[in-house]
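The values are calculated or read from the model by the stated rules, or taken from the named source; none is laboratory data. Since this is a predicted model, take the numbers as computed values, not measurements. So basically every Cβ, Gly included, is an ideal-geometry build from the backbone, and we count neighbours across all protein chains shown. Just the protein is used for accessible areas: all its heavy atoms, side chains included, with ligands, DNA and RNA removed. Shrake-Rupley method; radii C 1.70, N 1.55, O 1.52, S 1.80 Å.
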Amino acid sequence: MTIKTNEIDRVLDTFRAGSRFLITSHVSPDGDAVGSLLGIAHLLRGLGKTDITCVLEDDVPRIYTWLPGADKIVKQDAVTKTFDTSVLIDAHSADRSGKVAPLLPKANTFVVIDHHLVEKADGDLKWVDPTYAAAGEMVYDLYVKSGVPLTREAAECIYTAQTTDTGSFRYSNTNPRSHRIAAGLMETGINIRAITERVIDTMSRGKYNLLQRVLGRIQFGANATVAYADIYAKDLAETGALGEDTDGLINYLRNIEGVRVAMIFREAKDGKTKVSFRTQAELNAADICRAFGGGGHAVAAGATIDAPIDEAREQVLAHLRNHSGLDV
Ligand SMILES: [Mn+2]
């Protein structure tokens, strides 16, 4: 695996030269978004920087609020100052950060650090490398290259990023480097059992209620190789689940024996529908989602479709029929 050394050096040079930093990630933040964002903040502090603002449009999901530094993440409305350096991590286009987006290009240097499969990234300086299993792993390599000692706090953030994006080192994106990085993180003394319990193994009552409902609703197609289910806004309201509780639900569909393609259609705001894709087959989830204006990874991707759930589902199923020959 070749590491893009030049890009790492350029990112570090930019970090060393900057003094006022804005760091953000994508909307609906997951463990990698929060963990890698905070990892960058810890690295900058290690480089002697003190003026660092971490911003996310959405609340930090409850299971990540314990991460060191998470309590300092603010909403875009609270940001009044200016920045010389802005950083978008775990996403490649400014608009993925939602309402934070207008702040990014205002900095002298807008840095993009991402591990998604992308055709074109925003930013004055981009380091995009889909061989990394998590953006958090890229933060780890920045630490190594910078010579800044890795603190336990930073390691907790990076490990959380890794373990959530790799499904506890079980997904196909997990590679030998992932495990070497995890070893380096463990050497700081982090308690991986405690982290796993908090971010992987705990299910809220709301999520349990939602899961029960959604699992009873799974539909199958193409000789049960395709599985899909809908989640309506009222499901969250009625079960007490939060938006973040829909994270990972799709894995229950993907894990059913014989299923090669799993999809969740989720009713979103303004008559839109969010579709999440997991594929285990020759089907590229990112390609399918790009046809609907989304993207992601080969085996895990998503899109937001400007249509109500019934219509959006039919559009996606029609796409699978026409382009992938699936009888759905
Ligand atoms: Mn990620």
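Which one is surrounded by the most Cβ atoms within 10 Å (Cβ to Cβ) among residues in segment 140-150 that are within 16 Å of the ligand (Cβ to nearest atom) and of a type outside the set (Asp, Glu)?
That would be Tyr140.
Are any residues in segment 6-16 under 19 Å from Ala121 (Cβ atoms), in contact (Cβ under 8 Å) with a residue 12 or more places away in the chain and open to solvent by 60 Å² or more (accessible area, probe 1.4 Å), and if so, which ones?
Within segment 6-16, just Arg10 meets the criteria.
Given the residues Ser36, Ser28, Ser19, which is the only one that is open to solvent by less than 40 Å² (accessible area, probe 1.4 Å) and either touching a helix residue (DSSP H, G or I) at 6+ places or on another chain (Cβ under 8 Å) or assigned by TED's automatic domain parsing to the domain that holds Val74 (or both)?
After ruling out the rest, the residue left standing is Ser36.
Can you tell me which residues in segment 55-73 are open to solvent by 50 Å² or more (accessible area, probe 1.4 Å) and farther than 14 Å from Gly243 by Cα?
Hits for segment 55-73 are Thr65, Trp66, Asp71, Lys72.
Pairs please, first residue from segment 160-172 and within 19 Å of Gly39 (Cα to Cα) and of a type in the set (A, V, I, L, M), second anywhere and open to solvent by 10 Å² or more (accessible area, probe 1.4 Å) and within 12 Å of the ligand (Cβ to nearest atom), Cβ atoms under 9 Å, 6+ apart in sequence or on different chains.
Short answer, once both residue conditions are applied: Ala161/Asp30.
Table: residues versus (1) modelled with pLDDT under 95; (2) open to solvent by 40 Å² or more (accessible area, probe 1.4 Å).
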position	(1), (2)
Asp84	no, no
Ala101	no, no
Val112	no, no
Val118	yes, yes
Tyr132	no, no
Met138	no, no
Arg152	no, yes
Tyr159	no, no
Thr174	no, no
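Looking at (1) within 16 Å of the ligand (Cβ to nearest atom); (2) within 15 Å of Ile23 (Cβ to Cβ), find the lone condition where Ala133 falls short.
Failing condition for Ala133: (2).
Give segment 34-59 a look and list any residue that's within 10 Å of Cys157 (Cα to Cα) and within 15 Å of the ligand (Cβ to nearest atom), or say none.
Correct list: Val34, Gly35, Ser36, Leu37, Leu38, Gly39, Ile40.
Can you tell me how many residues within segment 39-52 are crowded, with 20+ Cβ neighbours inside 10 Å and either outside the structural domain of Thr14 (by TED's automatic domain parsing) or among the hydroxyl-bearing types (Ser, Thr, Tyr) (or both)?
Result for segment 39-52: 0.
Considering each of Asp124, Asp114 in turn, give the residue that is more than 13 Å from the ligand (Cβ to nearest atom), assigned by TED's automatic domain parsing to the domain that holds Glu57 and in contact with a Pro (Cβ under 9 Å, 6 or more places away or on another chain).
Asp124
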